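The values are calculated or read from the model by the stated rules, or taken from the named source; none is laboratory data. Remember, predicted model here, so these are calculated numbers, not experimental data. So basically every Cβ, Gly included, is an ideal-geometry build from the backbone, and we count neighbours across all protein chains shown.
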Amino acid sequence: MSHAHTLDVTAADTRGRGRGYWADAVLRLRHSPSGMVGLVVVALLALLGIFGPFLAPWDYRAQDLQGIMGNNAQALPPLSPGHLFGTDPLGRDLFSRTLDGAQVSMTVALIAQVVVLFIGVPIGAIAGWRGGRTETALMRFTDVIYAFPDLFFVILITSAIVYTPLFRLMNGLFMVFLAIGLVSWVTMARLVRAQVLSIKHREYVEAARALGVPDRQIVLRHVLPNAIGPIIVAVSVGIPAAILAESTLSFLGLGVQTPRASWGSLIEVGIRNAQNAPWLIVPPMVALAIALAGFTLLGDGLRDAFDPKTSRRR
């Protein structure tokens, strides 16, 4: 090996060792084709969720009564004047309602994950740090919640309050993300507990204890920041599950209430009118499939990026 080549290898090794944990994770994500495809899809969905109402040619509630009356009171087909995807049987623009569904689904999924973080992280951290009877009690409670099928539990919660003012709050949005968050935190709690158990006996944690740092500060400043990678991965994997749960609830009539649009409710309208207007089901189904695939690919990419075994191999 030449002297110049040796210098190049040494320089590359030095640069690799000089990078931090986050820089290594970002670099691995950039070299993950599936992760980057997922990131692009998620970014586009986020932009549509934020700016969709401004891009929509119609308000999601607006009815083109003149158009459907001119079509024998039937839904307008795709590429009709002023309606790229056509309209539903009430004359509402399907493209605008699909964009509104993106905003609804993204909002529900993200806020549901915030609820998951606020419940799952503290329970997992306390159980892993305290141990003993506290850990046993918290994890047995987690096991009880985990024993229920998630979707069944969400349907049970929403059905119990379907006729109350709480269910109608924010056109059903509030109850949907609250119900999904209340049943989805168990995986996060188990993950955080496992991470805390693996971190709390490391040297820097023992040093902080020896210096008399309070337990709360140790957990918040030393333990949880070192568990943030797996938590981010869990959130990214939980988002498509929340989107699917929201769509299922809306499909069953227990989710977002009319006149707001949801991909699940749009799919239900499409199935109900499949004989006369089969095109109605295509846009929401394609949008839902793209969203689920994008978040799944991003979750896989993040899992590889934050995998310490991958870090050691590179």
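Computed values, structure above
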item: All positions within the range 101-143 that are buried (at least 24 other Cβ atoms within 10 Å of the Cβ), touching a Phe, Trp or Tyr at 6+ places or on another chain (Cβ under 7 Å) and at pLDDT 90 or above; result: V116, G120
item: Among residues of the range 180-225, those that are outside any helix (DSSP H, G or I) and exposed (fewer than 12 other Cβ atoms within 10 Å of the Cβ), counted; result: 4
item: Residue that is farthest from F153 (Cα to Cα) [pool: residues in the range 248-293 that are among the hydroxyl-bearing types (S, T, Y) and assigned to a loop (DSSP other than H, G, I, E, B)]; result: T258
item: Boolean, P278 is under 28 Å from L94 (Cα atoms), more than 21 Å from the chain's Cα centre (by Cα) and modelled with pLDDT under 85; result: no
item: When residues of the range 184-229 are limited to those that are touching a residue at least 12 places away in the same chain (Cβ under 8 Å) and polar (S, T, N, Q), the one nearest to W22 (Cα to Cα); result: N226
item: Listing of helices (runs of 4 or more DSSP H) fully contained in the range 16-82 that carry 2 or more residues being within 19 Å of A291 (Cα to Cα); result: 33-55
item: Residue match in the range 234-242 (condition: touching a Lys or Arg at 6+ places or on another chain (Cβ under 9 Å), part of a helix (DSSP H, G or I) and farther than 20 Å from A287 by Cα); result: no
